[in-house]
1. Can you show me the helix-derived [θ] at 222 nm for the chain, built from DSSP H runs with n ≥ 4 at -39,500 (n - 2.57) apiece and divided by the number of residues, rounded to the nearest 500.
2. Sequence gap at least 6, Cα distance under 8 Å: using those rules, report the relative contact order of the chain to the nearest whole percent.
3. Using only Cα atoms, find the angle between the long axis of helix 102-128 and the longest principal axis of the chain, and express it within 0 to 90 degrees, rounded to the nearest 10.
4. Hey, what angle do you get for helix 167-178 against the long axis of the chain, alpha-carbon based, 0 to 90 degrees rounded to 10?
5. Work out Dmax and Rg for the chain from the C-alpha atoms and quote the Rg first, both in angstrom.
6. Roughly what angle does helix 184-193 make with the longest principal axis of the chain, taking Cα atoms, 0 to 90 degrees, to the nearest 10?
7. On a full-extension model of 0.36 nm per residue, what is the gain between residue 11 and residue 68, subtracting their alpha-carbon distance, rounded to one decimal in nm?
8. Measuring from label point to label point, each 7 Å out along Cα→Cβ, what is the residue 173 to residue 137 span in nm?
Amino acid sequence: MALSTREDILATAKELFTRHGYHHVSMRSISSAMGISVGNLTYYFPRKADLADALLEQEMRQILMPARPGLDALDEYLRRMLASLLEHARLFSDYLMFLSIPELADGHRDRVGRLRANLLDILRAQVSAGLLYAVAADQSTLEDLADLLMYSHMGWQQQLTLFPEPVQQAMDHQRAALQPWLTPAGLDDLRRLHPL
């Protein structure tokens, strides 16, 4: 029963946060939507920030993946990140929100660090497979590429909340950013994945 109640609370909070945004949802509105007392809700999640933190950790489990060679792995990872932004556009419409809420700031920094580290592992797997150069012609490093892809996701986050566009368009832009990094084998793999 406890696990079910906890999961029901998370599902209700996710729905309300997604519909109304984090700042416009109270613990009372969550408990009211569930038909439980605020006391029962706070038994599982003492603060609204605890709910948001648990939801963000759930989302991380959906995004993070083992590093493996093949541009399809990189494509899948970037697509997972974009899909998460689209699915939770209202929750993520203000990406600085997590830094402005002291209870969420450290967890947010940690999650962004884990996303970037996972992305770097996936990029390194592509280098090991001979699909990406370790250093681009302009002397940019894989860390620079990871930062570029992460920053572009923050830009897409804002773009998609204002002007929802197909994920495909965002992915096309991500692939364009990868072009200078692709070896001849990487270009072949990209063409195999995305024929003209």
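Every read-out reported here was derived from the displayed coordinates using simple, explicitly stated rules and does not represent laboratory data. Being a predicted model, the structure only gives us computed values, none of them experimental. So basically every Cβ, Gly included, is an ideal-geometry build from the backbone, and we count neighbours across all protein chains shown.
1. Rounded to the nearest 500, it is -23000 deg cm²/dmol.
2. 23 percent
3. 30 degrees
4. 40 degrees
5. In order Rg, Dmax, the Cα atoms of the chain give 19.2, 61 Å.
6. Approximately 50 degrees, to the nearest ten.
7. Values: separation 57, 0.36 × 57 = 20.52 nm, distance 3.16 nm.
Gain on stretching residue 11 to residue 68: 17.4 nm.
8. In this crude label model, residue 173 to residue 137 measures out at 2.4 nm.
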